[in-house]
1. Working only within segment 177-222, note down all residues that are assigned to a helix (DSSP H, G or I), in contact (Cβ under 8 Å) with a residue 12 or more places away in the chain and of a type in the set (Ser, Thr, Tyr).
2. Please specify each residue of segment 334-382 satisfying the condition of being touching a residue at least 40 places away in the same chain (Cβ under 8 Å), of a type in the set (A, V, I, L, M, F, W, C) and within 15 Å of Asp432 (Cα to Cα).
3. Return yes when Lys312 is modelled with pLDDT under 95, in the same structural domain as Ala48 (by TED's automatic domain parsing) and surrounded by fewer than 18 Cβ atoms within 10 Å (Cβ to Cβ) and no when it is not.
4. Just a yes or no: is a residue in segment 78-94 polar (S, T, N, Q), assigned by TED's automatic domain parsing to the domain that holds Arg49 and under 30 Å from Phe270 (Cβ atoms)?
5. Condition (residue is farther than 30 Å from Lys219 by Cα and more than 25 Å from the chain's Cα centre (by Cα)) applied to segment 110-123: is it met by at least one residue?
6. Can you tell me which condition Leu341 does not meet? The list is (1) within 30 Å of Ser2 (Cβ to Cβ); (2) touching a Leu at 6+ places or on another chain (Cβ under 7 Å); (3) buried (at least 17 other Cβ atoms within 10 Å of the Cβ), and all the others hold.
7. For segment 91-99, does any single residue satisfy the condition of being part of a helix (DSSP H, G or I), modelled with pLDDT under 95, buried (at least 19 other Cβ atoms within 10 Å of the Cβ) and polar (S, T, N, Q)?
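The values are calculated or read from the model by the stated rules, or taken from the named source; none is laboratory data. Nothing here was measured: the structure is a model prediction, and the numbers come from that model. No Cβ is skipped: glycine too gets one built from the backbone with ideal geometry, and neighbour counts run over all protein chains shown.
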Amino acid sequence: MSLAIMGYKKGMLIERSPEDGKLEMYKYILKNMKKNPAFLKKIIKDTARNEKIVFYLYKRFSKERKKLNNKELWETYKRWLEKYVSFLSYPLIVECTDIFTTYHLEDAVRKELPDLTPDEMSDLIIAMSSPKELSFMEHERLDFLKACIKNYGKLKKKHFEKQSKKHWFVINSFRNIRYLSPEYFLKEAKKETKKNKKKLEAELKSLKNKIPNLKKRKKEILKKYKLSNNLKLHFKIIEEMGEGIDKRKEKMLQCNYFIDMYCEEIANRFDLKKKEVHEFTVEEIEELLLKNKKPSKTSVKKRYEMSAYVMKRKGNTDDVETKWFYGKKAEKLIELTGPDLTGEIKGYVASAPVDKIRGTAQIIMNTHEEKFKKGNILVTTMTRPDFVPLMRKAKAIITDEGGITCHAAVISRELKIPCIIGTKKAKKLLKDNDIIEMDLKKGVVRRLSK
């Protein structure tokens, strides 16, 4: 990719990168998959080696951090970071599917199957694109429901010790990080078991049957429509990338805990607040640990308030030029490279249990600081695992970003609630308490009243 811009404003990250570059990346993958159908699987296997080192260093640091001097602390982090970046680099290619699924997949299907109705088109694309295994969030929900049902009416902390050990990270984000204890899951279980036991059993049954039913539906579609090998390959890529996105997200949430633990150790040594250290660059952390030089509070604040980091490739080489912008210049840069805010709000229909739905919009960006009202339509840039409790309360979901296999798409289909993704501008144009209508046939969002 020739250019990338990362905007940062008060804890929120904004990514800008050329869509044509992502499409070229998708074509590169398609070309290699035609030569070697195991191409993507090999990438995932290769990243697993770095993953093992990343988590080995993670566990070692958690045991030894108090014994390390400042130089050793830096060297440990530097080595971990190098392996972590390598671990994430190849999986980043999965991001390129959003552009293809949003702008080109339906045309590719329509070319072969011109007589499909909109409902048939949606059913085919969703079924054939969906991964053939449960997401890590669905595995967590499955285990949680089993524990709730098994111990219904007699819930105790001990019933959720395995849950905590296995799924301690599931609501982490890049800003809000915690280790979920058995007490946390017990508290959630007490809320959940206020429901009728039969409802919990029905949800558990639905989750258990999801993958068998999906595999059956894929076979039915292949038998009925006789898709070309090229279209089958597109769906294979999207399906495998969906699995890759989920695995990457799972590991990133766990690694966020390491970063938080590292920042805490530095904060304790230098009489700083942990949230301050989270705002430091890698270079500033190196100077702090090796030279005992704290970064300027002014520069850290300036970066936090509004900044943009631009990365540009030098011609066809692997060399990259970088530059920081701040304040109004950064804001203007993000604005100029953002979406056109004129015209209708239109995206991709990820889940359509109904044709149309009306409700009250509510913008949520930080799940830990903003309270979501049950029954509202959740509007955000993109959802993450920490959004799931809110998504369960939502009447419907609208996101600016994402493709057919993104987090919002997967969870909305699991919850059977309407969802339109990839609108690019819903969060900018809609306001809290707007009465809106979602047209699930056309993927259009209309504001009815302010």
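1. Answer for segment 177-222, where residues must be assigned to a helix (DSSP H, G or I), in contact (Cβ under 8 Å) with a residue 12 or more places away in the chain and of a type in the set (Ser, Thr, Tyr): just Tyr184.
2. Ala361, Ile363, Met365, Ile377, Val379
3. When the stated conditions are applied, Lys312 passes them.
4. Within segment 78-94, one or more residues are polar (S, T, N, Q), assigned by TED's automatic domain parsing to the domain that holds Arg49 and under 30 Å from Phe270 (Cβ atoms).
5. No; the residues of segment 110-123 include none that is farther than 30 Å from Lys219 by Cα and more than 25 Å from the chain's Cα centre (by Cα).
6. Exception for Leu341: condition (3).
7. yes
Matching residues to (1) under 30 Å from Glu437 (Cα atoms); (2) assigned by TED's automatic domain parsing to the domain that holds Glu64; (3) β-branched (Val, Ile, Thr); (4) without any contact (Cβ under 8 Å) to a residue 24 or more places away in the chain:
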residue: Arg269; (1), (2), (3), (4): no, yes, no, no
residue: Glu279; (1), (2), (3), (4): no, yes, no, no
residue: Val282; (1), (2), (3), (4): no, yes, yes, no
residue: Pro295; (1), (2), (3), (4): no, yes, no, yes
residue: Arg303; (1), (2), (3), (4): no, yes, no, no
residue: Ser307; (1), (2), (3), (4): no, yes, no, no
residue: Asn316; (1), (2), (3), (4): no, yes, no, yes
residue: Lys323; (1), (2), (3), (4): no, yes, no, yes
residue: Glu331; (1), (2), (3), (4): no, yes, no, no
